[in-house]
Amino acid sequence: MNSELDISKYDFVDFGASVGGSIDFAIKALGGVNGLGIDIDPVKVRKMQDLGLNAYCADFTQLPFPRKSVRFIVISHVLEHLPSLEVAKASIKQACDLATDFVFIQGPYYDGDEYLRKLGLKFFWSDWKGHTCHFSVKNLKDTLRELNISDYKLFMNKIVSHSMSPFVHPLNSPPNQHDYDSLIHPPKHLITFDKKLYREFVCYIKLNPDLKDWDKIIKSRKGVITEHEE
C-alpha cells in the first residue's frame, strides 16, 4: 500500500477488486464517482491501472484508513476467497467502519450445500479450489447481529428449483467446474427441490439512517431477485 495514499480523494472502495469489473458497477449502479480498487494480487492491480482505474496493491483486511473515510464499500464475490470465516467477518466489520453510507456485498449461495449433498448433488462453486471460505447467508446474518446492525436488505438471486439447473452437478462431478454439461459431466436425474435454493445472495447494509437514495440503491443489482425470507 502506498503510504502517501490520500483516501479523501475517493468516495468508495472496492475490496478485492480483481480487474475492476465491480468498480464499473459501483459507478453506474451505486452512484459512485471516484473509486479505489484494492487487490492483493499485483498483476490484477496493474491490469486495473492499465485500464485507467485507481488501484492499489494491499491486503484489504488490514487497511490503515481512518474510520468513515468513504461513502460506501463494495465486496463482490470476495468473501469466499478469504482464508477463514473469522477473516471474512473482520472484513465486513472493517467495511462498516470505513463507510459512512452503506456497504454492498454479494457472493455465491452456500446454504444449500448440506441439503444437496444428501441428494447426491452439489453446486459447482461449492468445490472450487479457490473458494476457501464457504461464507453463507447464515454467516452473514450472524456477523451483522454481532455488529449490532439491523438495518439492511438481503436478497436472493436466481432461484434453483430442481436438479436440472446448470448450477447443479452430481457429487461425482470433478471439482473446479462451471455450468453442467451432459456431454462432459456425469449423469444426473431430475429432482424437484422442496427447499428454496439460489445462485447468489445480495446484501445492502445501511449505515446512514438519513440516506436519501436508499430505495434506489437496493434496486441497483439487476436480475431475478427476491427478498430473503426468514
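Values quoted throughout were computed directly from the atomic coordinates according to the rules given, and no laboratory measurement underlies them. Every value quoted in this text rests on a predicted model; they were computed, and no experiment measured them. Cβ coordinates were reconstructed from backbone atoms using ideal geometry, including for glycine residues, and neighbour counts include every protein chain displayed.
Quick look at the numbers
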| quantity | calculated |
| --- | --- |
| Efficiency of FRET from Cβ geometry, L183 and K216, R₀ 30 Å, rounded to 0.05 | 0.10 |
| Rg/Rh (Cα only; Kirkwood hydrodynamic radius) as it applies to the stretch 13-75 | 0.94 |
| Residue exposure sequence - V43, V160 - by fewest surrounding Cβ within 10 Å | V43, V160 |
| Net length gained if the chain between N34 and L190 were fully extended (0.36 nm per residue, minus Cα distance) | 51.4 nm |
| Mean-position separation - Cα centroids, the stretch 49-64 and the stretch 176-230, in angstrom | 27 Å |
| Partners for K219 among aspartates and glutamates (Cα-Cα distance below 17 Å; same-chain residues under 8 apart left out) | D24, D101, D151, E200, E227 |
| Share, in percent, of DSSP beta bridges within the chain that are antiparallel, nearest 5 | 55 percent |
| Efficiency of FRET from Cβ geometry, W128 and S161, R₀ 22 Å, rounded to 0.05 | 0.45 |
| Stokes-Einstein diffusion coefficient of the stretch 61-161, Kirkwood radius over Cα pairs, 20 °C, 1.002 mPa s, in µm²/s | 145 µm²/s |
| Point-to-point label distance, S150-N208, nm (Cα→Cβ direction, 7 Å offset) | 2.3 nm |
| Principal axes of the chain: Cα extent on each, largest first, Å | 56, 38, 31 |
| Virtual spin-label span in nm between R46 and S84, 7 Å along Cα→Cβ | 3.3 nm |
